[in-house]
Amino acid sequence: MNKIKIILTFPKETINKPIICHLNTDYKLISNILRAKVMPREVGKMVLEIEGEEKNIEEGIKYLESFGIEVIPVSKEIKFNEEECVSCGACLAVCASGALTLDQESYQVRFDRDLCILCEHCVRACPLRVIEATFDEIER
Amino acid sequence: MAKTFAEINDKIKKGEAVVVTAQEIIDLVEKDGVEKVAKDVDVVTTGTFGPMCSSGAILNFGHSDPPVKMQEVWLNDVPAYAGLAAVDVYIGATELSKTRGMDYGGGHVIEDLLSGKKICLRAISCGTDCYPRKEITTHITLDSINQAILFNPRNAYQNYCVATNSSNRVLHTYMGILLPHFGNATYSTSGQLSPLINDPLYRTVGIGTRIFLGGGVGYVAFEGTQHNPGAERLDNGVPISPAGTLALIGDLKKMSRNYLRGAVFEKYGVSLFVGVGIPIPILDEEMVKYTSIKNENIYTTIYDYSVEKRSKPTLGRVNYEQLRSGEIKINGKNVPTASMSSYKKALDIAEVLKQWIQEGKFLLQEPIEKLSTTQIFKPLEIIGNTE
(Lines give C-alpha, C1' and ligand atoms only; values in the text may rest on other atoms or scores of the structure.)
Protein backbone atom coordinates (compact mmCIF):
# COMPACT_ATOMS: atom_id res chain seq x y z
CA MET A 1 0.00 0.00 0.00
CA ASN A 2 1.21 3.48 -0.88
CA LYS A 3 0.03 6.83 0.37
CA ILE A 4 0.54 10.10 -1.48
CA LYS A 5 -0.75 13.64 -1.34
CA ILE A 6 -1.76 15.43 -4.52
CA ILE A 7 -3.06 18.86 -5.42
CA LEU A 8 -5.88 18.82 -7.95
CA THR A 9 -6.95 21.75 -10.07
CA PHE A 10 -10.40 21.14 -11.55
CA PRO A 11 -11.38 22.94 -14.77
CA LYS A 12 -14.71 24.67 -14.25
CA GLU A 13 -16.65 22.22 -16.46
CA THR A 14 -15.72 19.35 -14.12
CA ILE A 15 -16.73 20.81 -10.81
CA ASN A 16 -20.29 19.50 -10.86
CA LYS A 17 -19.30 15.94 -11.68
CA PRO A 18 -18.86 13.16 -9.14
CA ILE A 19 -15.22 12.16 -9.66
CA ILE A 20 -13.41 11.57 -6.39
CA CYS A 21 -15.87 8.87 -5.34
CA HIS A 22 -14.84 6.82 -8.39
CA LEU A 23 -11.29 6.61 -7.04
CA ASN A 24 -12.80 4.45 -4.33
CA THR A 25 -15.35 2.44 -6.28
CA ASP A 26 -13.31 1.87 -9.47
CA TYR A 27 -9.70 2.00 -8.26
CA LYS A 28 -10.00 0.86 -4.62
CA LEU A 29 -8.27 3.99 -3.41
CA ILE A 30 -8.98 5.39 0.04
CA SER A 31 -9.17 9.11 -0.37
CA ASN A 32 -8.99 11.76 2.31
CA ILE A 33 -9.84 15.32 1.29
CA LEU A 34 -7.46 17.50 3.32
CA ARG A 35 -8.52 20.82 1.87
CA ALA A 36 -10.93 21.86 -0.85
CA LYS A 37 -12.14 25.06 -2.39
CA VAL A 38 -14.70 25.09 -5.17
CA MET A 39 -16.16 28.36 -6.39
CA PRO A 40 -19.13 28.34 -8.78
CA ARG A 41 -18.02 28.72 -12.41
CA GLU A 42 -14.37 28.90 -11.42
CA VAL A 43 -11.61 26.36 -11.12
CA GLY A 44 -11.74 24.12 -8.07
CA LYS A 45 -8.74 23.21 -5.94
CA MET A 46 -8.28 20.27 -3.67
CA VAL A 47 -5.54 18.71 -1.60
CA LEU A 48 -6.16 15.00 -1.55
CA GLU A 49 -4.47 12.12 0.17
CA ILE A 50 -4.90 8.77 -1.56
CA GLU A 51 -3.93 5.37 -0.31
CA GLY A 52 -3.86 2.12 -2.26
CA GLU A 53 -1.82 -0.20 -4.49
CA GLU A 54 0.79 1.66 -6.53
CA LYS A 55 -0.74 0.46 -9.81
CA ASN A 56 -4.19 1.66 -8.72
CA ILE A 57 -2.79 5.05 -7.73
CA GLU A 58 -1.22 5.43 -11.16
CA GLU A 59 -4.45 4.48 -12.91
CA GLY A 60 -6.53 6.64 -10.58
CA ILE A 61 -4.38 9.63 -11.45
CA LYS A 62 -4.78 8.86 -15.19
CA TYR A 63 -8.53 8.75 -14.60
CA LEU A 64 -8.43 12.20 -12.97
CA GLU A 65 -6.28 13.56 -15.78
CA SER A 66 -8.77 12.27 -18.37
CA PHE A 67 -11.12 15.03 -17.16
CA GLY A 68 -8.43 17.66 -17.70
CA ILE A 69 -7.76 17.82 -13.98
CA GLU A 70 -4.23 18.92 -13.22
CA VAL A 71 -2.59 16.57 -10.72
CA ILE A 72 0.53 17.65 -8.84
CA PRO A 73 2.10 15.47 -6.17
CA VAL A 74 2.94 17.61 -3.17
CA SER A 75 4.58 15.45 -0.57
CA LYS A 76 8.03 16.88 -1.15
CA GLU A 77 7.14 20.52 -1.49
CA ILE A 78 6.87 21.75 2.09
CA LYS A 79 10.35 22.84 2.97
CA PHE A 80 11.33 22.93 6.62
CA ASN A 81 14.84 24.24 6.99
CA GLU A 82 15.92 22.52 10.21
CA GLU A 83 19.38 24.05 10.09
CA GLU A 84 18.04 27.61 10.17
CA CYS A 85 15.29 26.79 12.69
CA VAL A 86 15.94 28.04 16.21
CA SER A 87 13.27 25.77 17.73
CA CYS A 88 11.24 28.54 19.30
CA GLY A 89 7.94 26.72 18.85
CA ALA A 90 5.81 29.45 17.26
CA CYS A 91 4.83 26.99 14.52
CA LEU A 92 3.63 24.41 17.06
CA ALA A 93 0.99 26.87 18.22
CA VAL A 94 -0.90 26.56 14.94
CA CYS A 95 -0.13 22.99 13.84
CA ALA A 96 -3.25 20.90 14.35
CA SER A 97 -2.01 17.84 12.46
CA GLY A 98 0.82 16.92 14.80
CA ALA A 99 3.34 17.17 11.94
CA LEU A 100 5.38 19.73 13.88
CA THR A 101 6.52 18.61 17.30
CA LEU A 102 9.13 19.50 19.90
CA ASP A 103 11.54 16.66 20.58
CA GLN A 104 11.44 16.34 24.38
CA GLU A 105 15.07 15.16 24.51
CA SER A 106 16.81 17.65 22.24
CA TYR A 107 14.19 20.45 22.39
CA GLN A 108 14.49 20.63 18.58
CA VAL A 109 11.38 21.30 16.48
CA ARG A 110 10.80 18.37 14.11
CA PHE A 111 8.65 18.15 11.00
CA ASP A 112 6.96 14.90 9.99
CA ARG A 113 5.94 15.28 6.37
CA ASP A 114 3.60 12.30 6.46
CA LEU A 115 1.36 13.86 9.08
CA CYS A 116 1.20 17.28 7.39
CA ILE A 117 -2.18 18.28 5.98
CA LEU A 118 -0.72 21.23 4.08
CA CYS A 119 -2.75 23.89 5.88
CA GLU A 120 0.24 26.26 5.63
CA HIS A 121 -0.49 27.94 8.96
CA CYS A 122 3.09 27.21 10.07
CA VAL A 123 4.48 29.10 7.07
CA ARG A 124 2.97 32.31 8.39
CA ALA A 125 3.52 31.53 12.04
CA CYS A 126 7.29 30.99 11.70
CA PRO A 127 9.04 34.21 12.81
CA LEU A 128 12.22 33.23 10.97
CA ARG A 129 10.45 32.23 7.76
CA VAL A 130 12.26 28.91 7.60
CA ILE A 131 9.15 26.97 6.56
CA GLU A 132 8.23 27.36 2.92
CA ALA A 133 5.29 26.07 0.94
CA THR A 134 6.23 25.88 -2.69
CA PHE A 135 3.02 24.31 -3.99
CA ASP A 136 -0.12 26.08 -5.20
CA GLU A 137 -2.00 27.79 -2.48
CA ILE A 138 -5.63 26.93 -2.09
CA GLU A 139 -6.72 29.76 0.09
CA ARG A 140 -5.21 32.44 2.20
CA MET B 1 30.55 29.36 54.43
CA ALA B 2 29.90 32.29 52.16
CA LYS B 3 31.97 33.07 49.05
CA THR B 4 32.69 36.46 47.51
CA PHE B 5 32.82 37.53 43.86
CA ALA B 6 36.58 38.02 44.26
CA GLU B 7 37.11 34.49 45.60
CA ILE B 8 35.08 33.00 42.78
CA ASN B 9 37.03 35.05 40.22
CA ASP B 10 40.32 33.78 41.69
CA LYS B 11 39.12 30.22 41.11
CA ILE B 12 38.02 31.10 37.56
CA LYS B 13 41.47 32.56 36.80
CA LYS B 14 43.12 29.39 38.08
CA GLY B 15 40.77 27.28 36.00
CA GLU B 16 39.39 25.71 39.18
CA ALA B 17 35.88 27.14 39.26
CA VAL B 18 33.03 24.65 39.29
CA VAL B 19 30.37 25.83 36.85
CA VAL B 20 27.04 24.18 36.12
CA THR B 21 23.97 25.26 34.19
CA ALA B 22 20.69 26.19 35.87
CA GLN B 23 19.35 22.88 34.56
CA GLU B 24 22.24 20.79 35.91
CA ILE B 25 22.09 22.26 39.40
CA ILE B 26 18.57 20.88 39.89
CA ASP B 27 19.73 17.24 39.86
CA LEU B 28 22.87 18.12 41.77
CA VAL B 29 20.87 19.58 44.66
CA GLU B 30 18.55 16.58 44.66
CA LYS B 31 21.56 14.29 44.89
CA ASP B 32 23.91 16.18 47.24
CA GLY B 33 21.70 18.66 49.09
CA VAL B 34 21.85 22.45 49.32
CA GLU B 35 24.69 22.65 51.84
CA LYS B 36 27.15 20.55 49.83
CA VAL B 37 26.28 22.20 46.52
CA ALA B 38 26.85 25.64 48.09
CA LYS B 39 30.41 24.53 48.89
CA ASP B 40 31.08 22.65 45.64
CA VAL B 41 29.60 24.94 42.98
CA ASP B 42 30.86 28.42 42.22
CA VAL B 43 28.74 29.62 39.31
CA VAL B 44 25.40 28.70 37.76
CA THR B 45 24.84 29.78 34.17
CA THR B 46 21.43 30.76 32.82
CA GLY B 47 20.16 31.42 29.31
CA THR B 48 17.26 32.71 27.29
CA PHE B 49 16.61 33.14 23.58
CA GLY B 50 13.38 34.83 22.67
CA PRO B 51 11.89 37.70 20.68
CA MET B 52 12.73 40.91 22.56
CA CYS B 53 11.12 43.86 20.79
CA SER B 54 12.81 46.56 22.85
CA SER B 55 16.20 46.03 21.24
CA GLY B 56 18.34 47.90 18.74
CA ALA B 57 21.79 49.09 17.83
CA ILE B 58 23.65 52.38 18.01
CA LEU B 59 25.72 52.76 14.86
CA ASN B 60 28.39 55.34 14.18
CA PHE B 61 29.21 55.34 10.49
CA GLY B 62 32.34 57.53 10.48
CA HIS B 63 32.42 60.67 8.35
CA SER B 64 32.18 60.94 4.56
CA ASP B 65 34.14 63.43 2.48
CA PRO B 66 32.73 66.06 2.34
CA PRO B 67 30.94 65.27 5.61
CA VAL B 68 27.19 65.14 6.15
CA LYS B 69 24.96 65.74 9.17
CA MET B 70 22.51 62.91 8.60
CA GLN B 71 18.98 64.03 9.49
CA GLU B 72 16.94 61.25 7.96
CA VAL B 73 18.55 57.85 7.56
CA TRP B 74 17.48 54.57 5.96
CA LEU B 75 19.29 51.23 6.21
CA ASN B 76 18.01 48.89 3.50
CA ASP B 77 14.97 51.23 3.44
CA VAL B 78 14.38 50.82 7.18
CA PRO B 79 14.36 54.21 8.93
CA ALA B 80 16.94 54.69 11.69
CA TYR B 81 16.65 57.44 14.31
CA ALA B 82 19.17 60.15 13.45
CA GLY B 83 18.48 62.87 16.00
CA LEU B 84 21.92 62.34 17.47
CA ALA B 85 24.92 64.40 16.26
CA ALA B 86 25.99 63.90 12.63
CA VAL B 87 26.66 60.20 11.99
CA ASP B 88 25.17 58.43 15.02
CA VAL B 89 21.92 56.54 14.52
CA TYR B 90 19.81 54.10 16.49
CA ILE B 91 18.28 51.30 14.47
CA GLY B 92 15.37 49.85 16.42
CA ALA B 93 14.43 46.18 16.08
CA THR B 94 10.74 46.80 15.35
CA GLU B 95 11.15 49.56 12.75
CA LEU B 96 9.57 48.48 9.45
CA SER B 97 10.93 48.75 5.93
CA LYS B 98 9.47 51.58 3.83
CA THR B 99 9.41 49.29 0.79
CA ARG B 100 8.85 45.78 2.15
CA GLY B 101 6.56 46.56 5.08
CA MET B 102 6.32 43.87 7.72
CA ASP B 103 8.51 41.40 5.84
CA TYR B 104 11.71 43.22 6.78
CA GLY B 105 12.72 45.56 9.56
CA GLY B 106 15.33 46.74 12.01
CA GLY B 107 15.80 43.25 13.47
CA HIS B 108 16.72 42.00 10.01
CA VAL B 109 19.15 44.89 9.43
CA ILE B 110 20.97 43.84 12.61
CA GLU B 111 20.96 40.18 11.53
CA ASP B 112 22.20 41.10 8.02
CA LEU B 113 25.01 43.18 9.50
CA LEU B 114 26.08 40.15 11.54
CA SER B 115 25.90 37.96 8.42
CA GLY B 116 28.50 40.24 6.81
CA LYS B 117 26.01 41.46 4.20
CA LYS B 118 26.27 44.84 2.55
CA ILE B 119 23.60 47.24 3.81
CA CYS B 120 22.47 50.21 1.73
CA LEU B 121 22.84 53.43 3.75
CA ARG B 122 20.89 56.41 2.50
CA ALA B 123 20.69 59.76 4.29
CA ILE B 124 19.53 63.30 3.64
CA SER B 125 20.43 66.57 5.28
CA CYS B 126 19.75 70.30 4.97
CA GLY B 127 23.51 70.92 4.60
CA THR B 128 25.40 73.22 6.95
CA ASP B 129 28.67 75.15 6.80
CA CYS B 130 30.40 72.42 8.78
CA TYR B 131 28.53 69.53 7.13
CA PRO B 132 28.01 70.66 3.53
CA ARG B 133 26.80 67.43 1.94
CA LYS B 134 23.01 67.20 1.46
CA GLU B 135 22.58 63.57 0.63
CA ILE B 136 24.53 60.35 0.66
CA THR B 137 23.95 56.84 -0.71
CA THR B 138 26.55 54.22 0.08
CA HIS B 139 26.97 50.65 1.26
CA ILE B 140 28.22 49.62 4.66
CA THR B 141 29.12 46.39 6.43
CA LEU B 142 29.59 45.66 10.12
CA ASP B 143 33.36 45.74 9.56
CA SER B 144 33.40 48.93 7.52
CA ILE B 145 31.58 51.21 9.96
CA ASN B 146 33.27 52.95 12.85
CA GLN B 147 31.27 51.43 15.71
CA ALA B 148 28.23 49.24 16.33
CA ILE B 149 26.85 48.87 19.83
CA LEU B 150 23.86 46.72 20.65
CA PHE B 151 21.78 48.57 23.21
CA ASN B 152 18.53 46.97 24.26
CA PRO B 153 16.35 49.04 26.61
CA ARG B 154 14.27 46.07 27.79
CA ASN B 155 15.43 42.44 27.66
CA ALA B 156 15.33 39.29 29.74
CA TYR B 157 11.90 39.82 31.26
CA GLN B 158 11.63 38.14 34.64
CA ASN B 159 8.76 35.81 33.79
CA TYR B 160 6.10 36.53 31.17
CA CYS B 161 2.41 35.85 30.79
CA VAL B 162 0.61 33.10 28.90
CA ALA B 163 -1.44 34.42 25.97
CA THR B 164 -4.71 32.90 24.84
CA ASN B 165 -7.79 33.94 22.88
CA SER B 166 -11.43 33.49 23.92
CA SER B 167 -12.88 35.30 20.89
CA ASN B 168 -14.16 33.78 17.66
CA ARG B 169 -11.46 35.23 15.43
CA VAL B 170 -7.75 34.52 14.89
CA LEU B 171 -5.48 37.03 16.66
CA HIS B 172 -2.08 37.99 15.31
CA THR B 173 0.12 39.07 18.21
CA TYR B 174 3.70 39.33 19.40
CA MET B 175 2.88 36.10 21.22
CA GLY B 176 2.27 34.41 17.88
CA ILE B 177 -0.94 33.40 16.17
CA LEU B 178 -3.67 32.85 18.78
CA LEU B 179 -6.44 30.59 17.56
CA PRO B 180 -10.11 31.30 18.41
CA HIS B 181 -12.06 29.72 21.28
CA PHE B 182 -8.94 28.95 23.34
CA GLY B 183 -7.47 27.09 20.35
CA ASN B 184 -3.98 27.48 21.80
CA ALA B 185 -1.93 29.28 24.43
CA THR B 186 1.58 30.63 24.01
CA TYR B 187 4.30 31.55 26.50
CA SER B 188 7.78 32.97 26.25
CA THR B 189 10.24 32.22 29.04
CA SER B 190 12.96 29.64 29.43
CA GLY B 191 11.56 28.87 32.91
CA GLN B 192 14.17 27.21 35.11
CA LEU B 193 16.95 28.48 32.80
CA SER B 194 15.73 32.08 32.71
CA PRO B 195 18.27 34.60 34.09
CA LEU B 196 16.19 36.69 36.50
CA ILE B 197 14.13 33.71 37.68
CA ASN B 198 17.39 32.29 39.07
CA ASP B 199 18.11 35.47 41.02
CA PRO B 200 14.57 36.52 41.79
CA LEU B 201 15.35 39.33 44.24
CA TYR B 202 18.34 40.71 42.24
CA ARG B 203 20.97 39.79 44.85
CA THR B 204 23.77 39.25 42.33
CA VAL B 205 22.51 40.67 39.03
CA GLY B 206 22.70 44.45 38.91
CA ILE B 207 24.14 47.40 37.04
CA GLY B 208 27.53 46.42 35.63
CA THR B 209 26.99 42.63 35.62
CA ARG B 210 29.02 41.05 32.80
CA ILE B 211 26.86 38.77 30.64
CA PHE B 212 26.62 36.72 27.45
CA LEU B 213 24.84 38.94 24.92
CA GLY B 214 24.13 37.90 21.34
CA GLY B 215 27.12 35.55 21.26
CA GLY B 216 29.53 38.16 22.61
CA VAL B 217 30.17 39.82 25.93
CA GLY B 218 27.78 42.47 27.21
CA TYR B 219 26.79 44.22 30.39
CA VAL B 220 23.70 45.12 32.34
CA ALA B 221 23.50 48.87 31.70
CA PHE B 222 20.59 49.65 33.99
CA GLU B 223 17.23 48.33 35.02
CA GLY B 224 15.18 47.82 31.88
CA THR B 225 12.19 49.89 30.83
CA GLN B 226 8.94 48.75 32.46
CA HIS B 227 11.02 47.19 35.27
CA ASN B 228 8.34 46.19 37.76
CA PRO B 229 9.94 44.61 40.83
CA GLY B 230 6.75 45.04 42.86
CA ALA B 231 4.84 42.35 40.92
CA GLU B 232 3.22 39.68 43.09
CA ARG B 233 5.66 36.93 44.10
CA LEU B 234 5.34 33.47 45.62
CA ASP B 235 7.27 32.42 48.73
CA ASN B 236 10.25 31.37 46.59
CA GLY B 237 10.63 35.01 45.48
CA VAL B 238 9.65 34.31 41.87
CA PRO B 239 7.03 36.67 40.43
CA ILE B 240 3.89 35.20 38.85
CA SER B 241 3.67 37.77 36.06
CA PRO B 242 6.13 39.99 34.13
CA ALA B 243 8.36 41.73 36.71
CA GLY B 244 12.01 42.78 36.51
CA THR B 245 13.69 43.72 33.21
CA LEU B 246 17.23 44.59 32.13
CA ALA B 247 18.74 47.16 29.79
CA LEU B 248 21.67 45.45 28.08
CA ILE B 249 24.64 46.75 26.13
CA GLY B 250 27.54 45.21 24.23
CA ASP B 251 29.79 45.40 21.17
CA LEU B 252 27.72 44.24 18.19
CA LYS B 253 30.89 43.69 16.17
CA LYS B 254 31.80 40.80 18.47
CA MET B 255 28.36 39.18 18.36
CA SER B 256 27.02 36.43 16.14
CA ARG B 257 24.00 35.77 13.95
CA ASN B 258 23.57 32.49 15.85
CA TYR B 259 22.27 34.48 18.80
CA LEU B 260 20.61 37.52 17.19
CA ARG B 261 17.95 36.85 14.59
CA GLY B 262 15.42 39.13 12.91
CA ALA B 263 11.87 37.87 13.32
CA VAL B 264 8.50 38.47 11.67
CA PHE B 265 5.29 38.10 13.62
CA GLU B 266 2.52 37.84 11.06
CA LYS B 267 0.36 41.00 11.00
CA TYR B 268 2.12 42.30 14.10
CA GLY B 269 5.52 43.32 12.81
CA VAL B 270 9.23 42.74 13.16
CA SER B 271 11.24 41.90 16.25
CA LEU B 272 14.64 40.51 17.19
CA PHE B 273 15.44 37.19 18.84
CA VAL B 274 18.08 37.98 21.43
CA GLY B 275 20.28 35.45 23.20
CA VAL B 276 21.14 36.39 26.78
CA GLY B 277 23.04 34.40 29.39
CA ILE B 278 23.78 35.59 32.91
CA PRO B 279 26.17 33.92 35.36
CA ILE B 280 24.89 33.65 38.92
CA PRO B 281 27.59 33.35 41.58
CA ILE B 282 26.87 30.81 44.31
CA LEU B 283 27.72 33.07 47.21
CA ASP B 284 25.89 30.98 49.78
CA GLU B 285 23.11 28.46 50.35
CA GLU B 286 20.42 30.99 49.54
CA MET B 287 21.78 31.30 45.98
CA VAL B 288 21.69 27.50 45.66
CA LYS B 289 18.03 27.53 46.62
CA TYR B 290 17.27 30.25 44.09
CA THR B 291 19.20 28.70 41.20
CA SER B 292 17.90 25.16 41.73
CA ILE B 293 14.33 26.24 41.06
CA LYS B 294 12.39 23.83 38.86
CA ASN B 295 9.80 24.51 36.17
CA GLU B 296 7.08 23.06 38.39
CA ASN B 297 7.71 25.78 40.98
CA ILE B 298 7.65 28.70 38.54
CA TYR B 299 4.12 29.96 38.00
CA THR B 300 2.74 32.44 35.52
CA THR B 301 -0.62 33.98 34.74
CA ILE B 302 -2.86 33.30 31.74
CA TYR B 303 -4.26 36.39 29.98
CA ASP B 304 -7.04 36.65 27.41
CA TYR B 305 -5.48 38.64 24.55
CA SER B 306 -8.83 39.10 22.78
CA VAL B 307 -9.84 41.78 25.28
CA GLU B 308 -8.68 45.11 23.87
CA LYS B 309 -7.84 46.64 27.21
CA ARG B 310 -4.61 47.55 28.97
CA SER B 311 -5.57 45.23 31.82
CA LYS B 312 -6.61 41.98 30.25
CA PRO B 313 -8.72 39.51 32.24
CA THR B 314 -6.77 36.66 33.81
CA LEU B 315 -7.77 33.04 33.41
CA GLY B 316 -5.78 31.36 36.11
CA ARG B 317 -2.25 30.37 36.90
CA VAL B 318 -0.07 27.56 35.54
CA ASN B 319 3.50 26.41 36.05
CA TYR B 320 6.18 25.84 33.41
CA GLU B 321 6.11 22.07 33.87
CA GLN B 322 2.48 22.16 32.71
CA LEU B 323 3.23 24.61 29.90
CA ARG B 324 6.14 22.54 28.61
CA SER B 325 4.01 19.36 28.66
CA GLY B 326 2.22 20.77 25.59
CA GLU B 327 -1.22 21.13 27.13
CA ILE B 328 -2.87 23.13 29.90
CA LYS B 329 -6.46 23.45 31.12
CA ILE B 330 -8.29 26.74 30.71
CA ASN B 331 -11.89 26.91 31.95
CA GLY B 332 -11.95 23.11 31.98
CA LYS B 333 -10.86 22.86 28.33
CA ASN B 334 -7.61 21.21 27.22
CA VAL B 335 -5.60 23.83 25.36
CA PRO B 336 -2.38 23.07 23.44
CA THR B 337 0.60 25.22 24.39
CA ALA B 338 3.60 26.46 22.46
CA SER B 339 6.63 28.50 23.38
CA MET B 340 7.76 31.64 21.59
CA SER B 341 11.26 31.38 23.04
CA SER B 342 13.66 28.56 22.32
CA TYR B 343 14.59 26.28 25.21
CA LYS B 344 17.14 24.61 22.95
CA LYS B 345 18.99 27.87 22.35
CA ALA B 346 18.63 28.89 26.00
CA LEU B 347 20.37 25.68 27.01
CA ASP B 348 23.02 26.22 24.34
CA ILE B 349 23.71 29.72 25.70
CA ALA B 350 23.99 28.44 29.30
CA GLU B 351 26.47 25.80 28.06
CA VAL B 352 28.56 28.30 26.07
CA LEU B 353 28.74 30.68 29.03
CA LYS B 354 29.70 27.76 31.28
CA GLN B 355 32.54 26.92 28.91
CA TRP B 356 33.79 30.53 28.79
CA ILE B 357 33.95 30.63 32.59
CA GLN B 358 35.58 27.18 32.84
CA GLU B 359 38.23 28.28 30.35
CA GLY B 360 38.99 31.32 32.49
CA LYS B 361 38.14 33.84 29.79
CA PHE B 362 35.01 35.27 31.40
CA LEU B 363 35.15 36.76 34.90
CA LEU B 364 32.19 37.71 37.05
CA GLN B 365 31.57 41.39 37.64
CA GLU B 366 30.01 42.39 40.93
CA PRO B 367 27.25 44.96 40.36
CA ILE B 368 28.30 48.54 40.95
CA GLU B 369 24.71 49.34 41.90
CA LYS B 370 21.67 47.22 42.72
CA LEU B 371 18.63 47.09 40.47
CA SER B 372 15.71 49.07 41.81
CA THR B 373 13.36 47.13 44.04
CA THR B 374 10.90 49.99 44.42
CA GLN B 375 10.36 51.15 40.83
CA ILE B 376 6.66 51.34 39.92
CA PHE B 377 5.37 50.57 36.41
CA LYS B 378 3.14 53.58 35.65
CA PRO B 379 0.38 53.56 33.05
CA LEU B 380 -0.19 56.32 30.47
CA GLU B 381 -3.42 58.24 31.01
CA ILE B 382 -5.11 60.26 28.29
CA ILE B 383 -5.40 63.81 29.62
CA GLY B 384 -6.40 66.97 27.76
CA ASN B 385 -4.47 70.23 28.22
CA THR B 386 -7.32 71.87 30.18
CA GLU B 387 -7.53 69.14 32.82
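The values are calculated or read from the model by the stated rules, or taken from the named source; none is laboratory data. Everything numeric here is computed off the predicted structure, so don't read it as measured data. FYI the Cβ positions are ideal-geometry reconstructions off the backbone, even for glycines, and counts take in every protein chain you see.
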*So is B:Asn165 crowded, with 23+ Cβ neighbours inside 10 Å, on the phi < 0 side of the Ramachandran plot and over 14 Å from the mean Cα position of the chain (by Cα) or not?*
yes
*Within segment B:236-256, which residues are closer than 19 Å to B:Cys53 by Cα and either surrounded by 17 or more Cβ atoms within 10 Å (Cβ to Cβ) or in contact with a Phe, Trp or Tyr (Cβ under 7 Å, 6 or more places away or on another chain) (or both)?*
B:Ser241, B:Pro242, B:Ala243, B:Gly244, B:Thr245, B:Leu246, B:Ala247, B:Leu248, B:Ile249, B:Gly250, B:Leu252, B:Met255
*In segment B:308-348, which residue that is among the hydroxyl-bearing types (Ser, Thr, Tyr), within 14 Å of chain A (Cβ to nearest Cβ) and within 13 Å of B:Ala163 (Cα to Cα) is surrounded by the most Cβ atoms within 10 Å (Cβ to Cβ)?*
B:Ser339
*Scan segment B:349-378 residue by residue and report those that are crowded, with 19+ Cβ neighbours inside 10 Å, in contact with a strand residue (DSSP E or B) (Cβ under 6 Å, 6 or more places away or on another chain) and more than 14 Å from every other protein chain (Cβ to nearest Cβ).*
B:Leu353, B:Lys354, B:Ile357, B:Leu364, B:Leu371
*Given the residues B:Tyr157, B:Tyr174, which is the only one that is surrounded by 20 or more Cβ atoms within 10 Å (Cβ to Cβ) and closer than 30 Å to B:Ile330 by Cβ?*
B:Tyr157
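Quick grid of which residues meet (1) away from every other protein chain (no Cβ under 14 Å); (2) closer than 26 Å to B:Ser342 by Cβ; (3) of a type in the set (S, T, N, Q):
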{"position": "A:Ile30", "(1), (2), (3)": "yes, no, no"}
{"position": "A:Glu70", "(1), (2), (3)": "yes, no, no"}
{"position": "A:Lys79", "(1), (2), (3)": "yes, yes, no"}
{"position": "A:Ser87", "(1), (2), (3)": "no, yes, yes"}
{"position": "A:Ser106", "(1), (2), (3)": "no, yes, yes"}
{"position": "A:Asp114", "(1), (2), (3)": "yes, yes, no"}
{"position": "A:Cys126", "(1), (2), (3)": "no, yes, no"}
*Pairs, first under 29 Å from B:Ser55 (Cα atoms) and in the same structural domain as B:Lys11 (by TED's automatic domain parsing) in segment B:276-294, second of a type in the set (D, E, K, R) and not in a helix (DSSP H, G or I), C-beta under 8 Å, six or more apart*: B:Ile278/B:Asp199; B:Pro279/B:Arg210; B:Ile280/B:Asp199; B:Pro281/B:Lys3; B:Pro281/B:Asp42; B:Tyr290/B:Asp199; B:Tyr290/B:Arg203; B:Thr291/B:Asp199
*Matching strands (runs of 3 or more DSSP E) fully within segment B:177-274 where at least 1 residues are among the hydroxyl-bearing types (Ser, Thr, Tyr), modelled with pLDDT of 95 or more and farther than 21 Å from B:Arg317 by Cβ*: B:216-223
*Selected residue [small (Gly, Ala, Ser), out of contact with any helix residue (DSSP H, G or I) (no Cβ under 6 Å at 6 or more places or on another chain), surrounded by 14 or more Cβ atoms within 10 Å (Cβ to Cβ) and assigned to a loop (DSSP other than H, G, I, E, B)] from A:Gly89, A:Gly68*: A:Gly89
*Identify all residues within segment B:178-215 that are within 14 Å of chain A (Cβ to nearest Cβ), of a type outside the set (A, V, I, L, M) and under 20 Å from B:Met52 (Cβ atoms); write none if there are none.*
B:Thr186, B:Tyr187, B:Ser188, B:Thr189, B:Ser190, B:Gly191, B:Gln192, B:Gly214, B:Gly215
_A:Leu118 in contact (Cβ under 8 Å) with a residue 40 or more places away in the chain, surrounded by 20 or more Cβ atoms within 10 Å (Cβ to Cβ), within 29 Å of B:Phe182 (Cα to Cα) and away from chain B (no Cβ under 14 Å)_ = yes
*farther than 26 Å from B:Leu323 by Cα and in contact with a His (Cβ under 9 Å, 6 or more places away or on another chain): does that describe A:Gly52?*
no
*Cβ-Cβ under 6 Å pairs, at least 6 apart or on other chains, segment B:65-81 side assigned by TED's automatic domain parsing to the domain that holds B:Ile124 and within 18 Å of B:Ala148 (Cα to Cα), far side surrounded by 15 or more Cβ atoms within 10 Å (Cβ to Cβ) and among the charged types (D, E, K, R)*: B:Trp74/B:Arg122; B:Val78/B:Glu95; B:Pro79/B:Glu95
*Looking at (1) away from chain A (no Cβ under 14 Å); (2) at pLDDT 95 or above, which is the one condition that is false for B:Ile382?*
(2)
*Limited to segment B:121-149, what total is found for residues that are assigned to a strand (DSSP E or B) and surrounded by 13 or more Cβ atoms within 10 Å (Cβ to Cβ)?*
10
*Look through segment A:92-104, keep the residues that are more than 8 Å from every other protein chain (Cβ to nearest Cβ) and more than 16 Å from the chain's Cα centre (by Cα), and return whichever of them is nearest to B:His181 (Cα to Cα).*
A:Thr101
